[in-house]
Structure formats: structure tokens, C-alpha cells
1. Regarding the stretch 180-193, can at least one residue be identified that is in contact with a Leu (Cβ under 8 Å, 6 or more places away or on another chain), part of a helix (DSSP H, G or I), buried (at least 18 other Cβ atoms within 10 Å of the Cβ) and not hydroxyl-bearing (Ser, Thr, Tyr)?
2. Taking into account only those residues within the stretch 157-168 that are part of a helix (DSSP H, G or I) and touching a residue at least 40 places away in the same chain (Cβ under 8 Å), which is surrounded by the most Cβ atoms within 10 Å (Cβ to Cβ)?
3. Restricting to the stretch 115-152, give me the number of residues that are within 16 Å of Gln20 (Cα to Cα) and in contact with a helix residue (DSSP H, G or I) (Cβ under 6 Å, 6 or more places away or on another chain).
4. Would you check if there is a residue in the stretch 227-235 being touching a residue at least 40 places away in the same chain (Cβ under 8 Å), aromatic (Phe, Trp, Tyr) and either closer than 26 Å to Ile22 by Cβ or assigned by TED's automatic domain parsing to the domain that holds Leu254 (or both)?
5. Inspect all residues belonging to the stretch 70-80 and state whether any of them is at pLDDT below 90, of a type in the set (Asp, Glu), farther than 21 Å from Gln20 by Cβ and outside any helix (DSSP H, G or I).
6. Considering only residues that are farther than 20 Å from Thr103 by Cβ and within 21 Å of the chain's Cα centre (by Cα), which ones fall in the stretch 36-76?
7. Any residue at all in the stretch 228-250 that's over 18 Å from the mean Cα position of the chain (by Cα), loosely packed, with under 15 Cβ neighbours inside 10 Å and of a type in the set (Gly, Ala, Ser)?
8. So, Thr51, is that one among the β-branched types (Val, Ile, Thr), outside the structural domain of Ala107 (by TED's automatic domain parsing) and surrounded by fewer than 10 Cβ atoms within 10 Å (Cβ to Cβ) or not?
Amino acid sequence: MSAGLLGGAFLSMASHGADQLIVQRLLTARSLRDSQRALIGSGLVVFAQFTLFLMVGIGLFAFYHGRTFATSDAIFPTFILEQMPSGLVGLILAAILAATMSTHSGAINSLAAATTHDIYIPLFKRHPDDGATLRFGKLSALAWGVVLTGGALLFKQQGTPVVVIALSIASFTYGALLGGFFLGWLWRRAIQRDAILGMAIGILVMSFVVFARQLLPVFPGMSGTLTSLSKIAWPWYVLIGTTVTVGVGILSSLTHPQLTEAEEAGRTWK
């Protein structure tokens, strides 16, 4: 219960408050109030959506009389293929493809925008309105599309539900992302260096937490620690990553003088 409530709260804060995928959509609203309404409305829709998912799951359990499947991901596809009429199957497949295209287009746009504005423009001293910047953004979108498609094609069935794998991968970096926002918002002494160091250490720690099982053969001397880390449930990932990022950032901020009021007012996280 605590993992679902506390861990889920941090996961939601990261995904809906700091993730570029959601933030870029909120920034298209006409005003702050419209963004707030969209965010609250999203929460209500997601609640109704998961209620529907749970009801469908209960119905499938009753329909198959508790039958055991090789993986939980095979239950609904089996029902679609064996029980639904052909026309309805076509509509469902079209809906799945449409939802996939919608989600992945937003993800690709977010990655391309971050690559262009956070790496390319500062590194090469370009202006956002330059034609070269636009071309690089398009190439970035193409490159990230290839990377995401290639990653999906190389994925191997592990016996773990896809939703768990997806949320685990997302939680891998969500903690560092949310921790960076918390650090800049709540700890005014922190500067950009502290945030980068905290996020880097946070991601490093989460690498050992998320991939603990895979790292056991690589680091046999850490078998005890890695075995303990492998037992941590994925809903705790964001909370752990956030805590590590904020903690390291605070400690790093104590190694330099605090900004004056004038520097605080005009700082740009240098």
C-alpha cells in the first residue's frame, strides 16, 4: 500500500510535473489556468481509464475461470484473437496503432527538442530561428525515431509484464529529473553544477538498483548488496532517485559560497 501511494505519488509528480513529454503539451495552453485545468483533467481521465482497465481484467479472469497463461500480457490478446469478430479486431488494432503513434510522436519530439535546445544551440552558439537549427531538429527527430524503433525490435521477452518494464525504465531517470527540479526550487543555495552532479550520481545509483540482477555476474563481490537491491519494487525507484539527487546536490552546494541576493535574482544556473 505504501509503495503504491508514496511511490506512485512521486512517479506522478515526475511524469506530469517534470517530464518534457507532458510539459511541452501544457505549454501550448493559452494560460496558466488552462494548463492547470488540463493537468487536473488528465488525472481524472487516468483514474477513469485505470478503473476501466481493472474492470476488463476482472471480466477476463471470470471469463477464463482463472486459467493460467504463459505471461499476463497474453491474456487480452488471446481474448481479442479468439473471441472478437474480425471487424472489431481491426478497429482495436487501428486504435492500438493510433495510440502508439500519438505517444511516440510526443516522445520523439521531446527528445529532439531537448537535444536541439539543450545541447546543439549552446554548444554551437546557434540561434533558435536559424535554418541550421531547424535542420538539426529534424535530423534529431529522425535519429531518435530510429533509436526507439531499434530498441523495440531488439527487446526480448523476459516474462515480466510490459507495463512493469515500461514504468521501471521511465522511473530509472524520473528520480534524477524530479530531484533536479526539487533542488532548484527548494534549495536556493544550489547552482547548476550541484544539480548536474546530483542527477549524475542519482542515475548512477539507480543503474545499480534497476539492473541489479544483470550486474550480479559482473560484480560477484557485491552479490549481497545487489541481491538486496534487486528486491526493491519499481514503485520506489523515483523516490530513491529523487532522494539521492537532492541529497548529493545539497552536499555539493555546501562546497561553494552562497549566492548574494543580487546574484540570486539574476542567476541563470551557472
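The values are calculated or read from the model by the stated rules, or taken from the named source; none is laboratory data. Predicted model only: the values in this text are computed from it and were never measured. Cβ coordinates were reconstructed from backbone atoms using ideal geometry, including for glycine residues, and neighbour counts include every protein chain displayed.
1. For the stretch 180-193, residues in contact with a Leu (Cβ under 8 Å, 6 or more places away or on another chain), part of a helix (DSSP H, G or I), buried (at least 18 other Cβ atoms within 10 Å of the Cβ) and not hydroxyl-bearing (Ser, Thr, Tyr): absent.
2. Leu167
3. The qualifying residues number 6.
4. Taking the stretch 227-235 as the starting set, the residues that turn out to be touching a residue at least 40 places away in the same chain (Cβ under 8 Å) are 233-235.
Narrowing the set further to residues that are aromatic (Phe, Trp, Tyr) leaves 234.
Retained after the next criterion (residues that are either closer than 26 Å to Ile22 by Cβ or assigned by TED's automatic domain parsing to the domain that holds Leu254 (or both)): 234.
Within the stretch 227-235, one or more residues are touching a residue at least 40 places away in the same chain (Cβ under 8 Å), aromatic (Phe, Trp, Tyr) and either closer than 26 Å to Ile22 by Cβ or assigned by TED's automatic domain parsing to the domain that holds Leu254 (or both).
5. For the stretch 70-80, residues at pLDDT below 90, of a type in the set (Asp, Glu), farther than 21 Å from Gln20 by Cβ and outside any helix (DSSP H, G or I): absent.
6. Taking the stretch 36-76 as the starting set, the residues that turn out to be farther than 20 Å from Thr103 by Cβ are 36-37, 40, 51, 54-55, 57-72, 74-75.
Across the stretch 36-76, the qualifying residues are Gln36, Ile40.
7. Yes, the conditions are met somewhere in the stretch 228-250.
8. No; evaluated as a whole, the condition is false for this residue.
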